[in-house]
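Student: Here it is, the structure, as structure tokens.
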Amino acid sequence: MADVQLDWNNLGFEYRNLPYRYRAYWKDGAWYKKELTGDATLHISEGSTALHYGQQDFEGLKAYRTKDGSVQLFRPDRNAARMQTSCERLLMPQVPTDMFVDAVKQVVKANQDYVPPYGTGATLYLRPLMIGVGGNIGVHPAQEYIFTVFAMPVGSYFKGGMTPTNFTTSEYDRAAHKGTGAYKVGGNYAASLFPGQEAHANGFSDCVYLDPVEHRKIEEVGSANFFGITKDGTFVTPKSPSILPAVTKYSLLYLAEHKFGMKTEQGDVYIDDLDRFAEAGACGTAAVISPIGGLEHQGKLHVFYSETEVGPVTKKLYDELTGIQFGDREAPEGWVQKVELD
Ligand code: PLP
Ligand code: COI
């Protein structure tokens, strides 16, 4: 690695302007001018639909430095597929999977000195993003789009990392029952800013949202999915049309079942039935696995395993998932893709 000197062990989750990003433009049915650029600023019309009507979507994935110094991606094809469904929902053009994965690999290769060293736990976070642009004012889809992928080295998303932190339920919703919760679109995150700030102000890591119909069932965290391990060892994660179908969650469901022989369940997780769980956590690309110590609901804190120690099943799943991502454990077929470096 070249001589990029960063405090790799204490990066947090912060924006950083790296030397290169990928950009592509869409008009009249085709992507054009697909290339890396050093320009971190987008020059767009004031009439862009992304600015007025939220016609935009994004993804999040990571590049991992392995012990032998190579760099690999974790299931980038799943992020490409999810972005395609988000684009379909918002009437935006699709980025074909090959183009998406190629763009991500180009950005990793061009910024390879910023992929954190193996052993620090830090990674290179990639943010693919699409916006509707051009002069518009009516509520209708844009005629032009920009797809960009930028990157930055990151550490833990939640301050605790693998140390449990407490969460709280919210009286607000981030997404409607058949709205856009199942798509990775900015509006969901705009809706989560106020409840998230309230949660932080009250000393919690983030909110856990309840179902928008009755507020009886757990949906997900504003930036990650919820999972619980029942007292008899079943891996449970909520099922709902308004939560994000997520790469980490489906990977954990697979590993729980196929690697550890656990029972798994996607179903209803009632907020008044938390006693069934021995452990709970938040999972996602940024969050990895972040153990939930306690969950506050209507003024009462329900502690799962412990407020200070991570439970054994959560730890076992974390070790397997991150072992695969950093190349220390054998990955199921097709889960990791090497990035060719110089
Ligand atoms: N749920 C929400 C709302 C998210 O923002 C994320 C992060 O992308 C996740 C879940 C986890 O998704 P993934 O595991 O695909 O990163
Ligand atoms: C991710 O985990 O990649 C996310 O997009 C979550 C968040 C930073 C919004």
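The values are calculated or read from the model by the stated rules, or taken from the named source; none is laboratory data. All values reported here derive from a predicted model rather than from experimental measurement. FYI the Cβ positions are ideal-geometry reconstructions off the backbone, even for glycines, and counts take in every protein chain you see. The accessibility values were calculated without ligands, DNA or RNA, using every heavy atom of the protein model including side chains. Shrake-Rupley method; radii C 1.70, N 1.55, O 1.52, S 1.80 Å.
Student: Within segment 93-110, does at least one residue satisfy the condition of being surrounded by 20 or more Cβ atoms within 10 Å (Cβ to Cβ), more than 17 Å from Ala24 (Cα to Cα), more than 16 Å from ligand 1 (Cβ to nearest atom) and modelled with pLDDT of 95 or more?
Tutor: No; the residues of segment 93-110 include none that is surrounded by 20 or more Cβ atoms within 10 Å (Cβ to Cβ), more than 17 Å from Ala24 (Cα to Cα), more than 16 Å from ligand 1 (Cβ to nearest atom) and modelled with pLDDT of 95 or more.
Student: Residues that are crowded, with 20+ Cβ neighbours inside 10 Å, at least 3 per element: which strands (runs of 3 or more DSSP E) completely within segment 286-342 meet that?
Tutor: On the way: elements: 288-297, 300-303, 336-339.
Once the strands (runs of 3 or more DSSP E) in segment 286-342 are filtered for at least 3 residues that are crowded, with 20+ Cβ neighbours inside 10 Å, what remains is 288-297.
Student: Tally the residues that are within 16 Å of ligand 1 (Cβ to nearest atom) and either free of Cβ contacts under 8 Å to residues at least 40 places away in the same chain or aliphatic (A, V, I, L, M) (or both), restricting the search to segment 38-80.
Tutor: As a first pass, look at segment 38-80 and keep what is within 16 Å of ligand 1 (Cβ to nearest atom): 54, 56-64, 73-80.
Now restrict to residues that are either free of Cβ contacts under 8 Å to residues at least 40 places away in the same chain or aliphatic (A, V, I, L, M) (or both): 61, 63, 73, 80.
The number of residues fulfilling the criteria is 4.
Student: In segment 123-146, is there at least one residue being closer than 28 Å to Gly179 by Cβ and assigned to a helix (DSSP H, G or I)?
Tutor: Checking segment 123-146: not a single residue is closer than 28 Å to Gly179 by Cβ and assigned to a helix (DSSP H, G or I).
Student: Could you list, in sequence order, all residues of segment 128-150 that are within 16 Å of Met83 (Cβ to Cβ) and touching a Lys or Arg at 6+ places or on another chain (Cβ under 9 Å)?
Tutor: Of everything in segment 128-150, those that are within 16 Å of Met83 (Cβ to Cβ) and touching a Lys or Arg at 6+ places or on another chain (Cβ under 9 Å) turn out to be Tyr145, Ile146, Phe147, Thr148, Val149, Phe150.
Student: Still on this structure, I have one more. Inspect segment 121-136 for any residue being at pLDDT below 95 and either under 19 Å from Phe226 (Cα atoms) or out of contact with any helix residue (DSSP H, G or I) (no Cβ under 7 Å at 6 or more places or on another chain) (or both) and give the result as yes or no. Break it down into steps so the answer makes sense when it comes.
Tutor: Initial filter on segment 121-136 (at pLDDT below 95): 121.
Those left that are additionally either under 19 Å from Phe226 (Cα atoms) or out of contact with any helix residue (DSSP H, G or I) (no Cβ under 7 Å at 6 or more places or on another chain) (or both): 121.
The answer is yes, given that some residue of segment 121-136 is at pLDDT below 95 and either under 19 Å from Phe226 (Cα atoms) or out of contact with any helix residue (DSSP H, G or I) (no Cβ under 7 Å at 6 or more places or on another chain) (or both).
Listed here are the residues, each with its yes/no results for (1) under 28 Å from Gly179 (Cα atoms); (2) more than 16 Å from ligand 2 (Cβ to nearest atom).
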residue: Gln5; (1), (2): no, yes
residue: Lys33; (1), (2): no, yes
residue: Ala50; (1), (2): yes, yes
residue: Gly54; (1), (2): yes, no
residue: Arg82; (1), (2): yes, no
residue: Val104; (1), (2): no, no
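Student: Please verify whether Val208 is within 16 Å of ligand 2 (Cβ to nearest atom) and either under 24 Å from Thr322 (Cα atoms) or touching a strand residue (DSSP E or B) at 6+ places or on another chain (Cβ under 9 Å) (or both), treating the condition exactly as stated.
Tutor: Working: within 16 Å of ligand 2 (Cβ to nearest atom): yes; either under 24 Å from Thr322 (Cα atoms) or touching a strand residue (DSSP E or B) at 6+ places or on another chain (Cβ under 9 Å) (or both): yes.
The answer is yes for Val208.
Student: Return the pairs, sorted by first residue and then second, in which the second residue is among the β-branched types (Val, Ile, Thr) and within 16 Å of ligand 2 (Cβ to nearest atom), the first residue lies in segment 242-258 and is closer than 15 Å to Asp268 by Cα, the beta carbons are less than 7 Å apart, and the residues are 6+ apart or on different chains.
Tutor: Going by the 7 Å Cβ cut-off, there are no qualifying pairs.
Student: Among the numbered criteria (1) more than 14 Å from ligand 1 (Cβ to nearest atom); (2) open to solvent by 10 Å² or more (accessible area, probe 1.4 Å); (3) touching a strand residue (DSSP E or B) at 6+ places or on another chain (Cβ under 8 Å), which single criterion is violated by Ala201?
Tutor: It is condition (3) that Ala201 fails.
Student: Still on this model: Report whether or not Thr168 is assigned to a strand (DSSP E or B), modelled with pLDDT of 95 or more and crowded, with 20+ Cβ neighbours inside 10 Å. Let's see the steps before the verdict.
Tutor: Details: assigned to a strand (DSSP E or B): yes; modelled with pLDDT of 95 or more: yes; crowded, with 20+ Cβ neighbours inside 10 Å: yes.
So Thr168 fits the description; yes.
Student: Looking at Ala190, is it within 11 Å of ligand 1 (Cβ to nearest atom), open to solvent by 10 Å² or more (accessible area, probe 1.4 Å), touching a residue at least 24 places away in the same chain (Cβ under 8 Å) and among the small types (Gly, Ala, Ser)?
Tutor: Numbers: within 11 Å of ligand 1 (Cβ to nearest atom): no; open to solvent by 10 Å² or more (accessible area, probe 1.4 Å): yes; touching a residue at least 24 places away in the same chain (Cβ under 8 Å): yes; among the small types (Gly, Ala, Ser): yes.
Spelling it out, it is not the case that Ala190 is within 11 Å of ligand 1 (Cβ to nearest atom), open to solvent by 10 Å² or more (accessible area, probe 1.4 Å), touching a residue at least 24 places away in the same chain (Cβ under 8 Å) and among the small types (Gly, Ala, Ser).
Student: Hey, can you tell me all the residues within segment 241-273 that are part of a loop (DSSP other than H, G, I, E, B) and either more than 11 Å from ligand 1 (Cβ to nearest atom) or farther than 23 Å from Leu61 by Cα (or both)?
Tutor: Here is the first cut: in segment 241-273, the ones part of a loop (DSSP other than H, G, I, E, B) are 241-246, 260-263, 268-269, 271-273.
Pro241, Phe260, Gly261, Met262, Lys263, Asp268, Val269, Ile271, Asp272, Asp273 - these are the residues of segment 241-273 that are part of a loop (DSSP other than H, G, I, E, B) and either more than 11 Å from ligand 1 (Cβ to nearest atom) or farther than 23 Å from Leu61 by Cα (or both).
Student: Okay, next question. Of all residues in segment 46-60, which are surrounded by 14 or more Cβ atoms within 10 Å (Cβ to Cβ), at negative phi and not in a helix (DSSP H, G or I)? If you could, list the steps in order and put the result at the bottom.
Tutor: Residues of segment 46-60 surrounded by 14 or more Cβ atoms within 10 Å (Cβ to Cβ): 47-60.
If we keep only those that are at negative phi as well, we get 47-53, 55-60.
Answer for segment 46-60, where residues must be surrounded by 14 or more Cβ atoms within 10 Å (Cβ to Cβ), at negative phi and not in a helix (DSSP H, G or I): Gly47, Ser48, Tyr53, Gln55, Gln56, Asp57, Phe58, Glu59, Gly60.
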